[in-house]
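First the structure, in the form of structure tokens, and then the observations on it.
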Amino acid sequence: MSSPTTLPRLGILWKSRVQLGIKTLNPLQLSLCQIRGGTMGNLENALQQLRAERREAQSQVEKLEKAISLIASLDGTGASRTANQPTGITSAPTRIISEASRRRMARAQKARWEKIRKESKPALVVRAAKTTPSAPAKRTMSASARRKIAAFQRARWAKLRAGREQKAA
């Protein structure tokens, strides 16, 4: 038979499934059941090691986030995208803007757009004069023509209904 082995990076001893005659547990579950005779001290050690590894991983993630934000700020955006980040990662708090400031910003934006529209209108008029004439005006139908079409449709539907009634009878 094979000797007990150590789980990587945890220092936990576990026996193979064949030695124990168990086929349903994976090595991690098995190791937690068979940790050095089942003492609670070893369980605590394993738990401490797992927590230490989690802290290391979190610090590594934070370093990566800083590097990503640094590179993102180089392309001119000034901020990293936080929409795809997991919920556990904290980022800079969102800015809270008062209602009065929002109204001022809205008025300023409307003024900017109005200025742009005023500047662009003469250019559109000049362009329209240089191009071919616009499409002819849309034709309208006279009232008598509408009445004739409506009468024709009523006669058509009456004929269809009469044909259905004959088939049903």
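Based on the mean of other beta carbon atoms within 10 Å per residue, what is the order of 62-74, 103-115, most packed first? Write out the running numbers ahead of the final one.
On the way: 62-74: 12.0, 103-115: 10.2.
In descending order of packing, they fall as 62-74, 103-115.
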For K66, the aspartates and glutamates lying under 16 Å Cα to Cα, once residues fewer than eight places off in the same chain are dropped, come out as E56, D75
Gain in span if fully extended, R161 to A108, counting 0.36 nm per residue against the direct Cα distance
12.8 nm
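Throughout, read-outs are computed from the coordinates displayed, never taken from laboratory work. Keep in mind it's a predicted model, so treat the numbers as computed, not measured. Heads up, the Cβs are rebuilt from the backbone with ideal geometry, glycines too, and the neighbour counts pull from every protein chain shown.
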